[in-house]
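One structure is given here, and the rest of the page talks about it.
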There are 2 protein chains.
Amino acid sequence: MTQALAEARTGMGRTSPNPPVGCVIVQDGEVVGRGAHPRAGEAHAEVFALREAGVRARSATAFVTLEPCSHHGRTPPCADALIAAGVRRVVVAALDPNPQVAGRGVARLRAAGVDVQVGVGEAEALRQQAGFRSLVVRGRPWVVFKYAMTLDGRVAACGEGNGRVSGAEARRRVMVWRNELDAVAVGRGTVALDDPALTTRDLPGGRHARPVVFDRSGRAPVTAQVVRPGGVLVTAPGVAAAPFEKRGMTVLHADTLPDALSGLGALNVASLLLEGGPTLAGAFLAAGLVDEVRTFIAPKLLGAGLSPLTGPSRPMALAQELRDVTTEVVGPDLLITGFLNDIPRLDAGGRN
Amino acid sequence: MTQALAEARTGMGRTSPNPPVGCVIVQDGEVVGRGAHPRAGEAHAEVFALREAGVRARSATAFVTLEPCSHHGRTPPCADALIAAGVRRVVVAALDPNPQVAGRGVARLRAAGVDVQVGVGEAEALRQQAGFRSLVVRGRPWVVFKYAMTLDGRVAACGEGNGRVSGAEARRRVMVWRNELDAVAVGRGTVALDDPALTTRDLPGGRHARPVVFDRSGRAPVTAQVVRPGGVLVTAPGVAAAPFEKRGMTVLHADTLPDALSGLGALNVASLLLEGGPTLAGAFLAAGLVDEVRTFIAPKLLGAGLSPLTGPSRPMALAQELRDVTTEVVGPDLLITGFLNDIPRLDAGGRN
């Protein structure tokens with residue numbers, strides 16, 4: 001399953017609204033076929049793997065990171081293809097929460113006498129598929145709030161001439177995330193102050209995530225680097241935004257953050273890397289819309305400066321607690337990750 | 001040496017202005033004597049260990065966490081005692097930076113034909129002796145800034161009804177530190193707002209560190225829990241502080257933080273746990289007086305509140321970087337430690 005998950009990872013950030021999926025077919029302990037879903041409209045991972053395996057798929061075991069589909073979408077059902085190829089056993093990392101599948105893929109396989117096991121490598125599969133799962137179940141993107149701060153909780157110094165918080169390794173990791181998530185979000189303040197490009201410029205083979213600019217008043221500078229084709233401007237209803245459209249951006253009129261996220265979902269944005277600033281991030285947090293947190297901590301003290309989040313005050317007992325916390329050393333910095341919301345999943349026992 | 005360091009640890013917080021020292025004597029692979037320096041005025045660690053070993057010290061190896069003394073202080077020189085007992089080999093963790101010793105203890109042993117090895121377990125020995133070393137070399141206590149914050153860098157919510165940042169395990173660890181350091185420091189704001197006791201109340205056998213209240217104006221409430229016998233009030237020159245003295249506190253008049261620390265050094269305070277608040281900690285940091293940092297991070301987001309440090313603004317490139325950073329999981333929290341200043345040491349090659 002580890003290899004199937006590695007296959008799936010190659011599709012991350014490219015498959016929406018579909019999930020990234022990987023499939024590996026094993027015959028007598030040997031990998032005879034492998035595949036990944038490259039992008040929406042193209043064949044599913046199982047099809048590529050079966051094609052490579054050919055007749056060696058007969059009596060083989062297929063490892064697939066998501067339940068094989070049971071419905072006729074843009075492609076015929078993968079469950080049927082596995083059965084037709086004579087696969088004896090299918091190991092599935094996670095069930096598909098899509099109401100059109102939702103256990104029916106597994107049921108179809110079992111009805112045909114295929115031995116099916118579910119849940120191997122599920123945690124990692126859920127993480128890879130968080131965007132797809134959020135989109136199909138909640139109709140909005142999975143939101144990952146990312147920031148880098150000093151050990152005294154400062155994301156930037158006061159005033160100009162700011163300098164970087166974290167090291168080169170951490171910045172490279174952020175580019176990997178930009179490559180894997182569908183879109184990156186920033187507020188107007190950050191655009192006006194820093195004019196970030198939010199690209200994967202130092203990542204070989206990276207593709208740029210769609211920039212999403214949250215700007216109620218529509219006054220962000222149109223010459224900013226994030227104002228580019230493929231981008232989205234989220235602004236208040238009634239705000240004229242022709243200059244942004246002229247530069248190839250989609251304009252989304254939304255009155256609230258939940259409305260904005262639904263609108264992004266309708267644009268097939270399944271995952272969103274929230275890159276700040278503090279005001280936008282604080283609004284997301286207060287609305288319960290931060291799903292996952294990835295924090296770099298640089299081991300240094302600044303003594304003054306901006307905090308990562310600026311929002312309404314609440315007592316310490318009502319702080320939002322992260323679950324499944326992980327810690328990793330990344331260059332000179334520390335990376336702490338965790339979840340505020342659960343990735344939508346389907347119990348092996350039944351429906352959502 | 002690990003056992004000798006464990007012996008030494010039992011004296012931490014009790015020996016100032018002397019260092020905590022441990023000694024273990026090994027004969028044919030068997031521990032035949034062990035000792036720790038219990039407090040100033042009592043015998044040194046080597047004396048206890050030699051006493052226990054008796055004749056079995058002959059031809060034995062002595063492990064000692066600090067260079068044996070060579071001068072007649074309150075007790076006769078330990079180097080002489082080791083030689084007289086017939087010890088063949090002495091393993092020393094760290095040389096003594098005290099100008100009265102500073103390599104002379106080792107030289108005396110070698111001159112008597114004893115085989116001496118220096119530097120085994122030095123890093124841990126330096127940490128245990130940081131207070132003593134600071135006092136004897138710099139004339140001021142070693143300052144450890146300790147705080148607990150949320151993952152968005154908040155040490156407290158705005159306003160009242162605050163609640164705890166970190167878990168029970170972290171709070172217990174803080175009591176261990178209060179037991180091991182000579183004094184705990186707080187600013188007037190923290191005293192007025194939180195009225196902390198700063199004790200080791202949940203630690204069996206713990207002794208309370210001396211509370212040090214930084215209060216330029218002398219307006220801290222005299223009924224506060226930290227206003228107690230053994231405590232120190234640091235206030236501006238000319239401020240009358242009779243009510244504090246009446247309650248058993250020593251009053252230290254100092255115009256600057258360096259002056260205050262020198263005054264504390266004169267009171268035999270070798271190590272100081274700086275417990276906040278943000279204004280006092282910010283002043284220490286800005287003056288370069290934070291030697292060591294111990295930060296608990298609770299994996300939760302608050303969105304608003306107080307930062308751990310409030311001080312003058314500086315560009316990110318001038319942030320103070322921690323060295324020898326360590327990370328440890330403590331209950332649900334993360335503990336990050338590091339150094340801003342070096343613990344004074346003596347090179348094995350020679351003098352300071």
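Bridgeable lysines around A:Lys300 (alpha carbons under 21 Å apart, same-chain partners fewer than 8 residues away excluded): A:Lys146, B:Lys146, B:Lys300.
For the rotational copy relationship between B and A, the axis lies nearest to a chain B beta carbon, identified with its distance in whole angstrom as B:Gly153, 1. For the pair A:Ser313 and A:Thr75, the difference between a 0.36 nm per residue extended length and the Cα-Cα distance amounts to 80.7 nm. Per residue, the average separation of C-alpha pairs within less than 8 Å and at least 6 apart gives chain B a relative contact order of 17 percent. Only sites in a loop by DSSP and with at most 16 other Cβ atoms within 10 Å count here; which GluC sites (Glu not before Pro) in the range A:1-63 make the cut? Here the sparse-neighbourhood loop sites are A:Glu42.
Summarising the strand pairing of the protein assembly as shown, around 40 percent of its internal DSSP beta bridges are antiparallel.
Take B:149-155, B:265-271 and order them by the average number of nearby Cβ atoms within 10 Å per residue, most first; the result is B:149-155, B:265-271. Just checking the listed ones, B:Ala112, B:Ala62, B:Ala298: in the Gaussian network model of chain B with Cα springs under 10 Å, the one fluctuating most is B:Ala112.
Looking at chain A, the DSSP beta bridges with both ends there are about 40 percent antiparallel.
Of all beta bridges that DSSP places with both ends in the range B:139-339, some 35 percent have antiparallel geometry. The 3J(HN,Hα) values that the Karplus relation (6.51, -1.76, 1.60; θ = phi - 60°) gives for the range A:318-332 are, in residue order, 9, 4, 8, 8, 7, 10, 6, 6, 10, 10, 8, 7, 10, x, x Hz. Gly and Pro appear as x.
Radius of gyration (Cα atoms) of the range B:98-250, expressed as a multiple of 2.2 N^0.38 Å: 1.36. Across identical copies of the chain, A:Ala197 has label-point separations of 5.9 nm, listed in ascending order, with the point defined 7 angstrom from Cα along Cα→Cβ.
For chain B, the 222 nm mean residue ellipticity estimated from helices alone, with every DSSP H stretch of n ≥ 4 adding -39500 (n - 2.57) and the total spread over all residues, rounds to -7000 deg cm²/dmol. Quick note on the range A:221-324: its Rg to Rh ratio, both from C-alpha atoms and Rh being the Kirkwood radius, is 1.02. The average projected area of chain B, computed from the convex hull of its Cα atoms over all directions, is 19.0 nm². Between identical copies, the spacing of B:Arg127 label points, each set 7 Å from Cα toward the C-beta atom, reads 2.9 nm from nearest to farthest. Highest average first, the peptides A:85-97, B:320-332, A:125-137 ordered by how many other beta carbon atoms sit within 10 Å of their residues are A:125-137, A:85-97, B:320-332. By the Stokes-Einstein formula, at 1.567 mPa s and 4 °C, the protein assembly as shown with its Kirkwood radius over alpha-carbon pairs has D equal to 44 µm²/s.
For B:Val234, the amide hydrogen comes within under 5 Å of the amide hydrogens of B:Val213, B:Phe214, B:Asp215, B:Leu252, counting only partners 5 or more places away or on other chains and with H modelled in the peptide plane.
Residue by residue along A:274-283, Cβ atoms of other protein chains within 10 Å of the local Cβ number 1 on average.
The spread of Cα positions in the range A:139-339, taken along each principal axis and listed from longest to shortest, comes to 44, 41, 33 Å.
Inter-copy label distances at B:Pro243, using a point 7 Å along Cα-to-Cβ, come to 6.1 nm with the shortest given first. Please label the shape of the range A:1-128 as rounded, prolate or oblate, based on the square roots a ≥ b ≥ c of the eigenvalues of the alpha-carbon gyration tensor (a/c under 1.5 means rounded; beyond that, a/b larger than b/c means prolate, else oblate). Rounded, because the longest to shortest axis ratio a/c is under 1.5. Between B:Ala192 and B:Ser217, what is the spin-label point distance in nm, taking each point 7 Å from the Cα along the Cα→C-beta axis? With each label point 7 Å from Cα toward Cβ, the separation is 0.5 nm.
When you filter the trypsin sites (Lys or Arg not before Pro) in the range B:1-68 for DSSP loop state and at most 14 other Cβ atoms inside 10 Å of their Cβ, you are left with B:Arg39, B:Arg58.
All of the numbers you see were taken from the coordinates with simple rules; none came from a lab. Values in this document were obtained by computation on a predicted structure and should not be read as measured data. Backbone-built Cβ (ideal geometry, glycine too); neighbour counts: all protein chains shown.
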